[in-house]
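Okay, structure first, notes after.
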Amino acid sequence: MSRFPITLARHIIEKQAAHPTATGEFSALMTQIGLVGKMIARDLRRAGLIDILGMTGEINVQGEAVKKLDEIANETFIRVFQHSGLVCALASEEMEHPLRLSENWPHGKYMLLFDPLDGSSNTDNNMPLGAIFSVLRHEGHEGLPSESELVCQGTKQVAAGYLMYGSSTVLVFTVGQGVHGFTLDPGVGEFFLSHENIRMPAKGSVYCANDGNYYKWPKETQRLLDYLKALDTPSGRPYSARYSGCLAADVHRLLLAGGIYFYPGETGKPEGKLRLLYEANPLAMVVEGAGGRASTGVMPILEVKPKGLHQRVPLFIGSRDEVTLAEQFIQGQR
Ligand code: AHM
Ligand code: MG
């Protein structure tokens, strides 16, 4: 890397220069996401030394036990954006209803939906974590949006991305024109462009799935896994299993090296685990922007018409060929 690499700020300004009508608000928004990433990454580096591990003792809106870091990450997003003048509403996995910003404080036109800490089960053991975000534009009327105005189809997203806290901290996002990745240089506290215009392989050799759930899966999904694990050298099987417990980290691997992640529906729980609006939709926009695909198994994620803020959805995401293959199994065509 050059001694003077491209900063997140410079990258955004250069992209903005290509759109003379842009107001700069959106650029500021991405810079604030970077600030969230720096603050959480700083906490995580000292996680075993300061009192941020373990549970809060509370249960969130999803019925899941809340970890201290879930709360800290959620609070960090809120604090960074609440008085930024950039957004009018915030919605997250950790809040039952969106936070609509005060009418009395200047607010912007964007609505930010996020999973503040993705891969919560990894928090106490130094495994990768992430955050996933989706940006929508509030249009149509003055004033703050209602909850239903945040419940939008994925095609309405104007930007989406994720932060991944692994051996390094990365920020990957798209505004619909290419997918770009930035790596945090902790020495100077700045994100630098490290992965320009990511294009994911059309076919990979890895699957990421919690196949401990195999016997909870419908037979179509079991057959997909059996196929991926079968020995067949000409078609590149068996695939290798890689599952981190952090969706953002697994998708990051797939973006760079190809393959498929899936969290399917289960017998008696066909909607699966992952949330449509702030997990599946933003990652679908990123992956499709890099040439991959994201599907429920029967339709593209970005075409699902959402009914609720915390709606769950089965997710098959990754390289074009593997996601198409998964759809064929799920739809009983193979
Ligand atoms: P979270 O946002 O509450 O952490 O849940 C999402 C996570 C994904 O990151 C990960 O792939 C999956 O849930 C892990 O679930 P499981 O432990 O059931 O495999
Ligand atoms: Mg998550």
- Item | Cβ-derived FRET efficiency at R0 41 Å, Val61 paired with Arg223, nearest 0.05 | 0.75
- Note on the structure: Tilt, helix 219-229 to longest principal axis of the chain (alpha-carbon atoms), in degrees rounded to tens, equals 90 degrees
- Task: Using only the alpha carbons, work out the radius of gyration and Dmax of region 8-195 in angstrom.
- Result: 16.5, 50
- Query: Computed over the Cα atoms, what is the radius of gyration of the chain divided by 2.2 N^0.38 Å, N being its residue count?
  - Reply: 0.97
- Message: Under a Cβ-only charge scheme (Lys and Arg +1, Asp and Glu -1), can you give me the dipole magnitude of the chain about the Cα centre, in debye to the nearest 20?
- Response: 800 debye
- Message: Could you work out the relative contact order of region 201-334? I mean the mean sequence separation of Cα pairs under 8 Å and 6+ apart, divided by the number of residues, in percent.
- Response: 31 percent
- Message: Going by Cα centres, region 137-174 and region 233-303 are how many Å apart?
- Response: 19 Å
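Restricting to the chain, what percent of DSSP beta bridges are antiparallel, rounded to 5?
Restricted to the chain, the bridges split so that about 85 percent are antiparallel.
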- Task: May I ask for the angle, rounded to the nearest 10°, between helix 320-330 and the longest principal axis of the chain, with both axes built from Cα atoms and the value confined to 0 to 90°?
- Result: 60 degrees
- Note on the structure: Placing +1 on each Lys and Arg Cβ and -1 on each Asp and Glu Cβ in the chain, then taking the dipole about the Cα centre, the residue among Leu49, Ala248, Pro5 whose Cα reaches farthest towards the positive end is Pro5
- Task: Find how much the distance from Asp124 to Glu25 grows on full extension, using 0.36 nm per residue of separation minus their present alpha carbon separation; answer in nm with one decimal.
- Result: 32.0 nm
- Do any trypsin sites (Lys or Arg not before Pro) in region 248-318 lie in a DSSP loop with no more than 16 other beta carbon atoms within 10 Å, and if so, which? Lys307
- Query: Between Ala241 and Gln333, what FRET efficiency follows from the Cβ-Cβ distance if R0 is 30 Å, with the result rounded to 0.05?
  - Reply: 0.80
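Determine the dipole magnitude for region 206-330: charges of +1 sit on the beta-carbon of Lys and Arg, -1 on that of Asp and Glu, nothing else is charged, the reference point is the Cα centre, and the result goes in debye to the nearest 20. Mind showing how you got there, number by number?
Numbers: 15 positive and 13 negative charges, 55 e Å.
Here the size comes out at about 260 debye.
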- Task: Place a +1 charge on the Cβ of each Lys and Arg in region 103-225 and a -1 charge on the Cβ of each Asp and Glu, then give the dipole magnitude about the Cα centre in debye, rounded to the nearest 20.
- Result: 640 debye
- Figure the gain on full extension for Glu75 and Ser168 (residue separation times 0.36 nm, minus the Cα-Cα span) and round it to one decimal in nm. 31.2 nm
- Message: Multiplying the sequence separation of Glu147 and Asn197 by 0.36 nm and subtracting their Cα-Cα distance, what value in nm do you get?
- Response: 14.6 nm
- Please give the helix 247-257 orientation as an angle from the longest Cα principal axis of the chain, in degrees from 0 to 90, rounded to the nearest 10. 70 degrees
- Note on the structure: Between the residues Gln177, Ser120, Met164, the Cα farthest towards the positive end of the dipole of region 8-195, that dipole coming from +1 and -1 charges on the beta-carbon of Lys, Arg, Asp and Glu, is from Gln177
- Query: What 222 nm value per residue comes from the helices of the chain, counting each DSSP H run with n ≥ 4 as -39,500 (n - 2.57) and dividing by all residues, nearest 500 deg cm²/dmol?
  - Reply: -8500 deg cm²/dmol
- Just round it to a whole percent: the fraction of Cα-Cα distances in region 206-330 exceeding 17 Å. 52 percent
- Message: Projecting each Cα onto the charge dipole of region 206-330 (Lys/Arg +1, Asp/Glu -1 at the beta carbon, about the Cα centre), which of Ala280, Pro270, Ala230 comes out farthest on the positive side?
- Response: Pro270
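All of the numbers you see were taken from the coordinates with simple rules; none came from a lab. Only a predicted model underlies this, so the values are computations on that prediction, with no experimental measurement involved. Cβ sites come from the backbone with ideal geometry, for glycine too, and all protein chains shown count toward neighbours.
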